[in-house]
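Report on the structure given below.
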Amino acid sequence: MTTASQTQRRQGERHCEGCSLHSACLTRGLTQAALDAFDEIIVQPQPLKRGQELVRQGQPFRSLYLVRTGSLKQVMRLPGRQDEQVIHFYLPSEAVGLEAIGEARCPASVVALETTFVCELPFEQLESLAVRHDALRAELLRCMSRELRGDQRQVCLLSGRTAEQRLAAFLLGLSQRFHVRGYSRYRFQLTMSRADIGSHLGLALETVSRVMGRFQRQGLVKVSGRELTIRSLEGLEALGDEP
């Protein structure tokens, strides 16, 4: 018997195979059987408005989310402080919630930076599916490894580096993440505010604005509204000390 949800999937609204991010998502490398099974557990892609929370710090962990379109920030409320620390930004095809698996509780809130769609993956069903399909299990491990590597890079980024080095490395990191998803590495939208960037990099808002202005005068970047164009990748690499 065909259910309404199965009919909706067959109409292609949320079929992974037809998604433009299929080759950069958890589903890459899956057999057709595994892809069909993965498609069955996806909860209808959810729309989020700018500023809307996807998960709240402290709530029980039940699902992973894949960013389909848009972007989000992860913010943590620290004990004894009124402000929030921005600890991560999520771009299309990236998985949200991996760090919550161990303690089964969300360590930070995740908030949409713009109109964003996410695909929800109930974790118990995803875990069961990964047991049956080696390619999915391997991709989950790769995702976790990338998260750990990203945490290491963030520690290095904040350890004894100048404001110029931090901002250059941050822009290079965004450039690379857009590039591997098939977007331009030289022109992209900065959907996060400069205050968010400052919080993420451990810099004051005024410092971020001042350094960004300096980069523009030096011909390294061009900023028009929220659109950033990298005019000298080599110059940023020299500053950011990135390979």
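Out of 67, 75, report the one residue that is in the same structural domain as residue 16 (by TED's automatic domain parsing), over 19 Å from residue 143 (Cβ atoms) and β-branched (Val, Ile, Thr). Can you show your working first?
Working: 67 fails: over 19 Å from residue 143 (Cβ atoms).
Going through 67, 75 in turn, just one is in the same structural domain as residue 16 (by TED's automatic domain parsing), over 19 Å from residue 143 (Cβ atoms) and β-branched (Val, Ile, Thr): 75.
Can you find a residue in segment 70-79 that is in contact with a Lys or Arg (Cβ under 7 Å, 6 or more places away or on another chain) and buried (at least 19 other Cβ atoms within 10 Å of the Cβ)? Within segment 70-79, not a single residue is in contact with a Lys or Arg (Cβ under 7 Å, 6 or more places away or on another chain) and buried (at least 19 other Cβ atoms within 10 Å of the Cβ). So residue 93 ticks every box in (1) assigned to a loop (DSSP other than H, G, I, E, B); (2) surrounded by fewer than 19 Cβ atoms within 10 Å (Cβ to Cβ); (3) among the hydroxyl-bearing types (Ser, Thr, Tyr) but one. Which box is left unticked? Result: residue 93 passes all but (2). For segment 54-73, the condition holds for at least one residue, the condition being that it is in contact with a Pro (Cβ under 6 Å, 6 or more places away or on another chain) and charged (D, E, K, R).
The helices (runs of 4 or more DSSP H) falling completely within segment 132-243 that include 3 or more residues that are among the acidic types (Asp, Glu) map to 134-158. Of all residues in segment 200-242, those being more than 25 Å from the chain's Cα centre (by Cα), loosely packed, with under 12 Cβ neighbours inside 10 Å and touching a residue at least 12 places away in the same chain (Cβ under 8 Å) number 1. Put simply, of 112, 130, 169 the only residue that is buried (at least 17 other Cβ atoms within 10 Å of the Cβ), over 23 Å from residue 51 (Cα atoms) and in contact with a Lys or Arg (Cβ under 6 Å, 6 or more places away or on another chain) is 130.
The values are calculated or read from the model by the stated rules, or taken from the named source; none is laboratory data. A quick note: this is a predicted structure, and the numbers were derived from the prediction, not measured. Because the Cβ atoms are built from the backbone with ideal geometry, glycine has one as well, and the counts that use them run over all protein chains shown.
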